[in-house]
Amino acid sequence: MSENITTTEATATATATVTATDTDVLRPVTVDAGDPIAAAALGIEVMDAQAATTYLVVATVNVRSGPGLSHPVVLQISGGSRVSIICQKPGTTVNGPLGTSNLWDKIGNQRFVSDSYIQTGTDGYVRPQCA
């Protein structure tokens, strides 16, 4: 199943286009951000309007499966890209282009980037702490 997710700051609505199997019918699905149960049923993590804000990645950075250098690298993001931060969590301390930080930004399911590579405008939290 592939999903294309669009968030809109004004309405905080997530829209998913679900590619169906041969036994289903292809259909667009709209999930209101206020209905996390429906979103979860579709495997969609709905972010609120603040999370729809994107932040600049200042240099190419490894994306890891968890908040630390001991977690495997799952992909890389090029400098100049922009990411949405879902939540933040302390982890391994990293010395990056924006300084030294133990804060890690969750940008997707099992996708974490050291905050020392993301220009958030602060050394502290800009999103809630991850559970």
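The values are calculated or read from the model by the stated rules, or taken from the named source; none is laboratory data. Keep in mind the model is a prediction, meaning the values are calculated, not measured. Methodologically, a virtual Cβ is constructed for each residue, glycine included, from the backbone with ideal geometry; neighbour enumeration extends over all protein chains shown. In case anyone asks, the SASA skips ligands and DNA or RNA and just uses the protein heavy atoms, side chains included. Shrake-Rupley method; radii C 1.70, N 1.55, O 1.52, S 1.80 Å.
With a 1.4 Å probe and all protein chains left in place, how much of the accessible area of the stretch 76-131 comes from carbon and sulfur atoms, in whole percent?
Values: 1160 of 2820 Å².
C and S fraction of accessible area: 41 percent.
Hey, how much of the P(r) for the stretch 66-123 falls beyond 18 Å, as a percent of Cα pairs?
Roughly 23 percent, once rounded to a whole number.
Once backbone amide H atoms are built at 1.01 Å from N, Val126 has no partners under 5 Å, excluding neighbours fewer than 5 places away on the same chain. Between Thr100 and Ala131, the modelled label-to-label distance comes to 3.4 nm, taking each label 7 Å out from Cα in the direction of the beta carbon. The amide H of Cys87, built 1.01 Å from its N in the peptide plane, has Lys106 as neighbours under 5 Å, considering only residues 5 or more places off or on other chains.
Between Ser81 and Asn109, the distance separating the two model label sites (each 7 Å from Cα on the Cα→Cβ line) works out to 1.8 nm. Here the Karplus relation 6.51 cos²θ - 1.76 cosθ + 1.60, evaluated at θ = phi - 60°, turns the backbone of the stretch 115-131 into coupling constants of 5, 6, 10, 10, 7, 9, x, 7, 8, x, 6, 10, 9, x, 6, 5, 5 Hz, with x for every Gly and Pro.
So, R0 is 25 Å and r is the distance between the beta-carbons of Asp123 and Thr53; what FRET efficiency does that work out to, to 0.05? Don't jump to the answer; show the numbers that get you there.
Details: r = 18 Å, r/R0 = 0.70.
The formula returns an efficiency of 0.90 here.
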